[in-house]
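Asker: Pasting a structure below so you can have a look.
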Amino acid sequence: MHTKAKKHYEAWPIQECKDFLNLYLDGVKNRDENIVCEQIASKFERTFDAIKLRVKEVLGILTDKQKGIYNITPNMTQAVNEVMKERNLSKSRMLIWFE
């Protein structure tokens with residue numbers, strides 16, 4: 001039986017989206033994606049599946065819904081744009097980490 005994470009039904013605020021993106025980008029360069037997602041899930045009190053879904057959401061944002069998922073939230077869209085600007089990352093550079 002799967003239990004819901006503490007914040008399962010809570011929307012992701014923009015800052016949490018940005019924190020997710022930064023943690024993911026910092027971690028995935030040196031470690032296995034699944035390990036990075038597990039660590040983020042634990043830190044954010046969310047499920048592993050919820051984190052994997054956010055990765056797919058970012059892929060959807062970066063590919064204009066050609067890949068990933070189509071259920072894209074305005075907060076994640078804004079966070080992706082802000083993090084790309086803050087880190088000086090192009091869409092193609094971001095895709096390397098999220099594809």
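Taken together, the values in this text are just the output of simple stated rules run on the coordinates, not laboratory data. Predicted, not measured: the structure shown is a model, and the values here were computed from it. Here Cβ is always computed from backbone atoms with ideal geometry, including for glycine, and neighbour counts include all displayed protein chains.
Asker: For the chain, find the longest principal axis of its Cα atoms and tell me its angle to the long axis of helix 48-62, 0 to 90°, nearest 10.
Answerer: Compared with the principal axis, the helix lies near 20 degrees.
Asker: Using only Cα atoms, what Kirkwood radius does the chain have, in angstroms?
Answerer: This gives a value of 13.5 Å.
Asker: Tell me the angle of helix 33-44 to the major Cα principal axis of the chain, expressed in degrees between 0 and 90 and rounded to the nearest ten.
Answerer: Tilt relative to the chain: about 60 degrees.
Asker: Would you mind checking the tilt of helix 74-86 against the longest principal axis of the Cα atoms of the chain, expressed as 0 to 90 degrees and rounded to 10?
Answerer: 50 degrees
Asker: Taking the Cα centre of the chain as origin, work out the dipole magnitude from +1 charges on Lys and Arg Cβ and -1 charges on Asp and Glu Cβ, in debye rounded to 20.
Answerer: Once rounded to the nearest 20, the dipole reads 100 debye.
Asker: Still on this structure, I have one more. Can you order the peptides 47-53, 86-92 by their average number of other Cβ atoms within 10 Å per residue, highest first?
Answerer: Per-residue Cβ counts within 10 Å, averaged per peptide and sorted highest first, yield 47-53, 86-92.
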